[in-house]
Amino acid sequence: MRRAALARKIIQPRAFFAGLAGFFIVLSPLCHSASRAETMSSALARAYAGNPDLNQERAGVRATDENLPRATSSWRPTAVATGQYGYNYFDLSAIGTATTGLGTNAPVTRTRVGTRQGTDPGSLGLTVTQNLFNGNRTVNGVRQAESTIFGARETLRNTEQSVLIAGATAYMNVLRDTAILDLRKNNIIVLEEQLRQTRDRFTVGEVTRTDVAQAESSLATARSDYFTAQAILQDSVANYRQIIGVEPTRLEPARTIESLLPRSLGVAVDLALAEHPAIQAALHETDAAALQVKLVEGELYPTVNLVGNVQQNYNNTGIQGERFFNGSIMGQVTVPIYEGGEVYARVRQAKETLGQARLQADLQRDIIRASVVSSWGQLDTARAVIQSSKAAVKAAEIALDGIRQEADVGQRTTFDILFAQQVLLNTRVSLVIAQRDRVVASYAVMAAIGRLAAANLNLTVTQYDPTIHFDQVKDKWIGLRTPDGR
């Protein structure tokens, strides 16, 4: 009777693991009943609106927008006003001679004549220059500026993808690590009860000291694993705070976004090669490099300017009250003959840079193709692991139940029970990890094909539109303030 009662007590701790096969699905870590629950969508919306990496990239795009008005400025006239004013002292003197009688010996009288005066000369001038031809450098410069702006927008899109996938990964890591921590905490409770019951059985002589030592060893290992899981969770929480911008509280379960993905790997690869922002940015960079060749070549062409000049001078020759006005308009042609070979070297250099940009675009295509295949494989693997882990959890539960019953009649030892419990724990941890991996992999595939964006995820957030700032500054002729008033 005593032995049967002890066996029933040993079986009871299994209740701590009951239903944990689906533990991750219903998990709400770091719960605070007074706070609003956080969902994957709301967390990603926070990251989209406030992530510093994404915001600095947006600022970079706005700075790049100013390249267009800089390039178009060459079509507009330039005006330079000059003025000068000062003091001038004028001293003009001469010695005159005169005779007072006849003959060669007549006395001569010398007298000093001249002018001495101070004046305040000054002048005002205005020169206006309008370029008529500069080897098409203005046209090519405008096109290059546009290519650079389009490339910056694609880079921004790629950064948005990186932030969103990092946010989704951080969210799922907190869920995963909290689930694992709770599993290990419950495992400690089970093993503490197991140790207590083993000691009771040792007291009545049903088990040996070895059984007690095995139970103590398992409990100590479980506590060590718990502290390790606690440290891993703290790291995930810190990473979540860095990316999302707030501490994780009451994270709701997250689902995969497989419904948004293409139906086959081949379609996914084709979409990625056609739409991925990293590839598009590389293509725009190639266009900019090709236009840079034309820009440098344009320096070898003649430059034609129309120059108008007006100037008003005051007291310029030392005569007080003097004024004269001068106005002119002239055509100016500058023909480069030889600049020591520096321009030719820069043309050759620009062509090599163009070749490098083309190779970089090819490299990006290969990188993106590999990324799609890899992330797609990870998603398939996660699905398969979930199915096998569920089967493993079910089998481990049945095995543990049978071993406990066999231990009740003396056919199993304490070691067999502890080993079966560890197997069940490991299979449940594997299931939690696989469920996390499936969600993250679905986001990774979405990013790999270039479609992980706030619009496609239907995030409740005001979407950033880079064309607004572009339209505000593209035709600006003058002004120091940015459109937002800085």
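Determine which member of the set Ser375, Ser388 is at negative phi, assigned to a helix (DSSP H, G or I) and surrounded by fewer than 16 Cβ atoms within 10 Å (Cβ to Cβ).
Details: Ser375 fails: surrounded by fewer than 16 Cβ atoms within 10 Å (Cβ to Cβ).
Just a single option satisfies the conditions, and that option is Ser388.
Looking only at the range 236-245, decide whether some residue is within 22 Å of the chain's Cα centre (by Cα), at pLDDT 90 or above, outside any helix (DSSP H, G or I) and surrounded by fewer than 17 Cβ atoms within 10 Å (Cβ to Cβ).
Of the range 236-245, the ones within 22 Å of the chain's Cα centre (by Cα) are 236-245.
Okay, now just the ones that are also at pLDDT 90 or above, so 236-245.
Filter again for outside any helix (DSSP H, G or I), leaving 245.
Restricting the remaining residues to those that are surrounded by fewer than 17 Cβ atoms within 10 Å (Cβ to Cβ) gives 245.
Yes, the range 236-245 contains a residue that is within 22 Å of the chain's Cα centre (by Cα), at pLDDT 90 or above, outside any helix (DSSP H, G or I) and surrounded by fewer than 17 Cβ atoms within 10 Å (Cβ to Cβ).
State all residues of the range 454-486 that are under 27 Å from Arg46 (Cα atoms), of a type outside the set (Asp, Glu) and assigned to a loop (DSSP other than H, G, I, E, B); if no residue qualifies, say none.
Scanning the range 454-486 gives Asn458, Leu459, Thr460, Val461, Thr462, Gln463, Tyr464, Thr482, Pro483, Gly485, Arg486.
Quick check on my filter: what residues within the range 430-470 are surrounded by 12 or more Cβ atoms within 10 Å (Cβ to Cβ) and charged (D, E, K, R)?
Listed by number, the residues that qualify are Arg436, Asp437, Arg438, Arg451.
Every residue, every condition in (1) more than 28 Å from the chain's Cα centre (by Cα); (2) assigned to a helix (DSSP H, G or I); (3) under 30 Å from Thr119 (Cβ atoms), yes or no:
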| site | (1), (2), (3) |
| --- | --- |
| Asn326 | yes, no, yes |
| Gln332 | yes, no, no |
| Ile337 | yes, no, no |
| Val343 | yes, yes, no |
| Gln349 | yes, yes, no |
| Gly355 | no, yes, no |
| Ala361 | no, yes, no |
| Arg365 | no, yes, no |
| Ala370 | no, yes, no |
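Which residues, counting only those in the range 432-444, are under 11 Å from Ala382 (Cβ atoms) and of a type outside the set (S, T, N, Q)? Talk me through it step by step, then tell me what you get.
Going residue by residue through the range 432-444, those that are under 11 Å from Ala382 (Cβ atoms) are 433-442, 444.
Residues satisfying the conditions are Ile433, Ala434, Arg436, Asp437, Arg438, Val439, Val440, Ala441, Ala444.
Output the qualifying pairs, or none if there are none: Cβ atoms under 7 angstrom, residues six or more apart or on different chains, first residue in the range 214-235 and more than 13 Å from Ile188 (Cβ to Cβ), second residue at pLDDT below 95 and polar (S, T, N, Q).
If the second residue must be at pLDDT below 95 and polar (S, T, N, Q), the pairs left are Gln214/Thr414; Leu233/Thr178.
Looking at the structure I just gave you, is Val429 part of a helix (DSSP H, G or I) and over 30 Å from Val142 (Cβ atoms)? It would help to see each step written out before you state the result.
Values: part of a helix (DSSP H, G or I): yes; over 30 Å from Val142 (Cβ atoms): yes.
Spelling it out, Val429 is indeed part of a helix (DSSP H, G or I) and over 30 Å from Val142 (Cβ atoms).
With the structure loaded, tell me whether Ala396 is under 30 Å from Leu260 (Cα atoms) and of a type outside the set (S, T, N, Q) or whether it fails that test. Explain how you work it out, then say what you get.
Working: under 30 Å from Leu260 (Cα atoms): no; of a type outside the set (S, T, N, Q): yes.
So Ala396 fails the test.
Just need a number here: residues in the range 33-91 that are closer than 21 Å to Phe150 by Cβ and without any contact (Cβ under 8 Å) to a residue 40 or more places away in the chain.
Residues in the range 33-91 being closer than 21 Å to Phe150 by Cβ and without any contact (Cβ under 8 Å) to a residue 40 or more places away in the chain: 5 in total.
I'm trying to understand the selection: among the residues of the range 163-215, which are more than 30 Å from Gly50 (Cα to Cα), of a type in the set (Gly, Ala, Ser) and either in a helix (DSSP H, G or I) or touching a Lys or Arg at 6+ places or on another chain (Cβ under 7 Å) (or both)? Spell out how you get there, then give the answer.
Pass one, the range 163-215, residues more than 30 Å from Gly50 (Cα to Cα): 182-215.
From what's left, of a type in the set (Gly, Ala, Ser): 205, 213, 215.
Ala213, Ala215 - these are the residues of the range 163-215 that are more than 30 Å from Gly50 (Cα to Cα), of a type in the set (Gly, Ala, Ser) and either in a helix (DSSP H, G or I) or touching a Lys or Arg at 6+ places or on another chain (Cβ under 7 Å) (or both).
Does Ile403 meet the test of being free of Cβ contacts under 8 Å to residues at least 24 places away in the same chain and surrounded by 17 or more Cβ atoms within 10 Å (Cβ to Cβ)?
Values: free of Cβ contacts under 8 Å to residues at least 24 places away in the same chain: yes; surrounded by 17 or more Cβ atoms within 10 Å (Cβ to Cβ): yes.
It is true that Ile403 is free of Cβ contacts under 8 Å to residues at least 24 places away in the same chain and surrounded by 17 or more Cβ atoms within 10 Å (Cβ to Cβ).
Looking at (1) exposed (fewer than 10 other Cβ atoms within 10 Å of the Cβ); (2) at pLDDT 90 or above; (3) charged (D, E, K, R), can you tell me which one Glu66 breaks?
Exception for Glu66: condition (1).
Looking at the range 361-368, is at least one residue at pLDDT below 95 and basic (Lys, Arg)?
no
I'd like the full set of residues that are of a type in the set (Asp, Glu), under 29 Å from Leu400 (Cα atoms) and either without any contact (Cβ under 8 Å) to a residue 12 or more places away in the chain or crowded, with 20+ Cβ neighbours inside 10 Å (or both), limited to the range 160-205. Spell out the reasoning first.
Residues of the range 160-205 of a type in the set (Asp, Glu): 160, 177, 182, 192-193, 200.
With the extra rule that they be under 29 Å from Leu400 (Cα atoms), the set shrinks to 177, 182, 192-193, 200.
Across the range 160-205, the qualifying residue is only Asp177.
One residue is enough: does the range 409-421 have a residue meeting the conditions of a type in the set (A, V, I, L, M) and either at positive phi or assigned to a loop (DSSP other than H, G, I, E, B) (or both)?
Quick first cut of the range 409-421, residues of a type in the set (A, V, I, L, M) only: 409, 417-418, 420.
Of the ones still in play, those that are also either at positive phi or assigned to a loop (DSSP other than H, G, I, E, B) (or both) are 409.
Within the range 409-421 (the criterion being of a type in the set (A, V, I, L, M) and either at positive phi or assigned to a loop (DSSP other than H, G, I, E, B) (or both)), the answer is yes, since at least one residue qualifies.
So, Val310, is that one surrounded by 13 or more Cβ atoms within 10 Å (Cβ to Cβ), assigned to a strand (DSSP E or B), hydrophobic (A, V, I, L, M, F, W, C) and at pLDDT 90 or above or not? Talk me through it step by step, then tell me what you get.
Numbers: surrounded by 13 or more Cβ atoms within 10 Å (Cβ to Cβ): yes; assigned to a strand (DSSP E or B): yes; hydrophobic (A, V, I, L, M, F, W, C): yes; at pLDDT 90 or above: yes.
For Val310, the condition - surrounded by 13 or more Cβ atoms within 10 Å (Cβ to Cβ), assigned to a strand (DSSP E or B), hydrophobic (A, V, I, L, M, F, W, C) and at pLDDT 90 or above - is met.
The values are calculated or read from the model by the stated rules, or taken from the named source; none is laboratory data. This is a predicted model, so every value here is computed, not measured. Using ideal geometry, Cβ is built from the backbone for each residue, glycine included, and neighbour counts are taken over all protein chains shown.
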